[in-house]
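*Asks:* My questions all concern the structure below.
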Amino acid sequence: MAPLEPTGPVNGLPERYDVFGTKVSLTTVREVSDALMTRRGISVIIANVHSVMASRRDPALAEAIARADIVTPDGVPLTWALRLDDLEAVRVTGIEVLTDVADRGRAAGIRHYFYGSTAETLEKIAGRLRSDHPGIEIAGLFSPPFRALTDDEIAEHAREISAAGAHIVWVGLGMPKQELWMQRIRPFLPEVSLVGVGAAFDWLAGNQPMAPQWMRDRGLEWLYRLSKEPRRLWRRYIYNNPAYLVLLGNRWLRARFGRRG
């Protein structure tokens, strides 16, 4: 099989490679956090198996992910696909990027805005970050209504974020809602970076425990999360994971037997 073709870099951003229809960035936590601290108005999506498989069925989501500047491989199974083409892929999670920027961004005066979840969760996040990273600048917290937003509401929320002087908005609406929201609001915030971090909000707030490191390293984080929230997550995993493994198996076969001659 011929090596995957990169789509970039665009303006010095990490190159992106195809993972079953989703262009994923070959990058690291430090590279992403550096980009967020030195650039304005970039969009970062933290992608996993659910993102890849859902975008194969949802054109609007696929477009939102395609328009992002960086799409990190959050999840060992995405790095497996990239490594089949001899790419040195490492996992880049939302919580790693967030905490790295929270720590190093203090010296640069980075102002953070948190959008999503509940007011209680946002206050827990702010408290945790202020405790772990003294001097961090939190520009604002906003818990939006749990429904589809109107265009006027999107514009109003953008004005509030801009007025707060935010440099980065960390978005915790869950996939695909956060990716679609980021695409809608981005034209109103050309100087503000957007990062969709999903479950990182609950982990930072202490609402949900993270999977043990050994499970994360072996691509079994989904199993741990399923054990904690079976009623909410079983539909996602019962289709997406087997389907992804079939695609991955086919890629492995092509990589193993298709490079002759």
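All of the numbers you see were taken from the coordinates with simple rules; none came from a lab. Model, not experiment: these values are computed from the prediction. Counting neighbours? That spans all protein chains shown, and the Cβs are built from the backbone with ideal geometry, glycine included.
*Asks:* Sum up the charges of everything whose Cβ sits under 10 Å from the Cβ of THR22, counting Lys and Arg as +1 and Asp and Glu as -1, but leave THR22 out. Kindly include the intermediate steps, with their values, before the conclusion.
*Replies:* Details: positive: ARG16, LYS23, ARG56; negative: ASP18.
Here the count lands on +2.
*Asks:* I need the phi-derived Karplus couplings for segment 100-108: 6.51 cos²θ - 1.76 cosθ + 1.60, θ = phi - 60°, integer Hz, Gly and Pro marked x.
*Replies:* Computed from phi, the couplings for segment 100-108 are 5, 5, 4, 6, 6, x, 4, 5, 8 Hz.
*Asks:* Skipping prolines and chain starts, which residues have an amide H placed within reach, meaning under 5 Å, of the one on ILE42, given they are 5 or more residues away or on another chain?
*Replies:* Excluding prolines and chain starts, which carry no amide H, the hits are SER193, LEU194.
*Asks:* Give the long-range amide H neighbours of SER143: residues separated by 5 or more places, or on another chain, with amide H under 5 Å away, using H modelled in the peptide plane at 1.01 Å from N.
*Replies:* HN-HN under 5 Å from SER143: GLY116.
*Asks:* Residue by residue, what Karplus-based ³J(HN,Hα) values in Hz, rounded to whole numbers, does segment 15-24 have, using 6.51, -1.76 and 1.60 with θ = phi - 60° and x for Gly and Pro?
*Replies:* Residue by residue, segment 15-24 yields 5, 10, 10, 6, 10, 6, x, 10, 7, 10 Hz.
*Asks:* If you don't mind, another one. Would you mind computing, in nm to one decimal, how far apart the modelled labels at ASP132 and ARG231 are, each placed 7 Å from Cα along Cα→Cβ?
*Replies:* Going from the ASP132 label point to the ARG231 one covers 2.9 nm.
*Asks:* Then there's this: Using just the helices of the chain, give the 222 nm mean residue ellipticity in deg cm²/dmol: DSSP H runs with n ≥ 4 each add -39,500 (n - 2.57), and the total is spread over all residues, rounded to 500. Display every interim value, and only then the final one.
*Replies:* Working: 12 runs with 133 residues, N = 261.
Mean residue ellipticity, 222 nm, calculated: -15500 deg cm²/dmol.
*Asks:* Which of ASN241, PRO145, ILE125 sits farthest toward the positive end of the charge dipole of the chain, with +1 on the Cβ of Lys and Arg and -1 on the Cβ of Asp and Glu?
*Replies:* Value computed over the given set: ASN241.
*Asks:* Please identify the GluC sites (Glu not before Pro) of segment 44-112 that satisfy two criteria: DSSP loop assignment and at most 16 other Cβ atoms within 10 Å. Which are they?
*Replies:* Taking segment 44-112 and a limit of 16 other Cβ atoms within 10 Å, the loop GluC sites (Glu not before Pro) found are GLU88.
*Asks:* While we're here: Where in segment 10-52 does the amide nitrogen come within less than 18 Å of the point 7 Å from the Cα of ARG254, taken along Cα to Cβ?
*Replies:* Residues 16-25, 52 fall inside that zone.
*Asks:* Along segment 92-98, what does the Karplus equation 6.51 cos²θ - 1.76 cosθ + 1.60 (θ = phi - 60°) give for ³J(HN,Hα), rounded to whole Hz, x for Gly and Pro?
*Replies:* Going residue by residue, I get 10, 9, x, 5, 5, 5, 4 Hz, with x marking Gly and Pro.
*Asks:* So what's Rg/Rh here for the chain, counting alpha carbon atoms and using the Kirkwood radius for Rh?
*Replies:* 0.96
*Asks:* Right, another one. For VAL71, list long-range residues whose amide hydrogen, built 1.01 Å from N in the peptide plane, is under 5 Å from its own amide hydrogen.
*Replies:* Residues meeting the criterion, in which the H sits 1.01 Å from N, are SER25, ILE45.
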